[in-house]
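Nothing in this text is a laboratory measurement; each read-out follows from the coordinates by a stated rule. Fair warning: this is a prediction, and the values are worked out from it, not measured in the lab. Here Cβ is always computed from backbone atoms with ideal geometry, including for glycine, and neighbour counts include all displayed protein chains.
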Amino acid sequence: MTWFRKEKKPLETPPADKRVQTEGLWTKCESCKRILWKKDIEQNLFCCPKCNFHFQMSSEARLAMLFDDGKYVEHDAGMSSPDPLGFVDRKSYRDRLKAAEAATGMKDAVRVGEGNLDGRPLIACAMDFRFIGGSMGAVVGEKITRAIDRCIERKLPLVIVSCSGGARMMEGTISLMQLAKISAALARFDEVHKPYISVLTNPTTGGTTASFAMLGDLNIAEPGALIGFAGPRVIEQTIRQKLPEGFQTAEFLLQHGMLDAIVPRAELKAFLSKTLDFMGAWNSAESRK
């Protein structure tokens with residue numbers, strides 16, 4: 001009988017504007033393993049609101065955090081690598097550069113900004129791990145060296161925030177030359193008697209650690225940051241000994257005299273302002289009224 005018949009209709013896909021999109025909105029804390037809403041992390045300076053684990057920050061967010069009102073002038077933004085060796089492994093270095101640029105909106109792994117910190121002038125460099133692991137090639141070396149030269153010319157203090165896997169293998173010896181290049185520039189900067197503060201974040205390893213990251217007048221780190229030259233597994237295989245608990249963490253390095261302080265991210269701007277003032281970074285005309 002027809003009144004018992006029920007026609008089956010396929011389920012209609014709701015319009016795109018009515019779908020609930022949740023992919024990419026959540027992440028897991030690497031420390032406490034809680035599932036977190038990404039916007040909550042961003043509003044907490046990219047720190048876990050539960051355990052205060054410090055997530056990596058983009059260079060843009062880092063500079064915005066340090067400078068007043070998040071405003072700064074970026075220097076040398078258009079500088080990019082010419083692929084001096086024509087390097088190819090599983091894919092060409094040029095393709096890797098294009099992919100990293102598309103993913104980050106950057107030309108290379110460091111961003112240089114000039115602005116005000118509590119009303120006083122400052123130049124800061126922030127490395128970005130999203131760009132080929134924050135590795136240091138010719139462009140990173142040149143941009144940081146130019147930032148140092150600006151500080152020398154204008155007698156401004158310098159802050160470099162490191163987040164890097166080390167020298168960039170795709171540029172071979174050219175990348176290793178940047179260690180000496182930046183170190184020599186810092187030696188010239190020392191002659192103008194203005195402070196350089198190095199901020200080491202997770203991770204800071206390889207040639208970055210072996211050069212400018214550990215050459216600050218003050219070397220400070222974020223909590224839990226991995227800091228070292230070779231990785232723990234490489235060291236264990238070389239010396240054939242088990243490394244102590246917490247080896248190469250910021251806390252371990254502070255305990256053994258390799259760092260001057262560990263500063264939580266929420267306190268970093270105030271710490272830098274107070275410390276640079278104490279170190280005579282600004283003359284009386286530049287001090288706050």
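In the chain, which whole DSSP H runs stretch at least 30 Å along their own axis (Cα) and average 1.0 or higher on the Kyte-Doolittle scale? Membrane-span-like by this criterion, though nothing is claimed about a membrane: none. Across region 122-134, rounded Karplus estimates of 3J(HN,Hα) from the backbone phi angles (6.51 cos²θ - 1.76 cosθ + 1.60, θ = phi - 60°) give 7, 10, 10, 10, 10, 7, 10, 5, 5, 8, 6, x, x Hz, Gly and Pro being marked x.
Computed over the chain, the per-residue total of -39500 (n - 2.57) for DSSP H runs of n ≥ 4 gives a 222 nm mean residue ellipticity of -9500 deg cm²/dmol, rounded to 500. Most tightly packed first, judged by the mean number of other beta-carbon atoms within 10 Å of their residues, the peptides 61-70, 36-45, 218-227 read 218-227, 61-70, 36-45.
Extension gain, Gln241 to Met169: 0.36 nm times the residue separation minus the Cα-Cα distance gives 23.1 nm. Cα-based count: Lys pairs in region 57-278 below 16 Å, eight or more positions apart or different chains? Eligible lysine pairs with Cα atoms under 16 Å apart amount to 6. Reported value for the chain: 227 Å³ per residue, from the convex hull of its C-alpha atoms. Each peptide in 229-241, 165-177 receives the mean, over its residues, of other Cβ atoms within 10 Å, and ordering these scores from highest gives 165-177, 229-241.
Here the relative contact order of the chain, from alpha carbon pairs under 8 Å that lie six or more residues apart, stands at 13 percent. The H on the amide N of Ile262, modeled in the peptide plane, is under 5 Å from the matching H of Ala221, each at least 5 residues off or on a different chain. A dipole drawn for the chain from +1 and -1 charges on Cβ atoms has a positive end, and of Tyr93, Met279, Val139 the residue lying farthest that way is Tyr93.
Take 256-263, 84-91, 117-124 and order them by the average number of nearby Cβ atoms within 10 Å per residue, most first; the result is 117-124, 256-263, 84-91.
With a cut-off of 11 Å between beta carbons, the residues surrounding Ala103 carry a summed charge of +1, where Lys and Arg count +1 and Asp and Glu -1. Taken over the C-alpha atoms, region 17-163 has Rg and Dmax values of 17.7, 57 angstrom. Charged side chains reduced to their Cβ positions (Lys and Arg at +1, Asp and Glu at -1) give the chain a dipole of some 1160 debye around its Cα centre. The Arg188 and Met279 beta-carbon pair, evaluated with R₀ = 22 Å, returns a calculated FRET efficiency of approximately 0.75.
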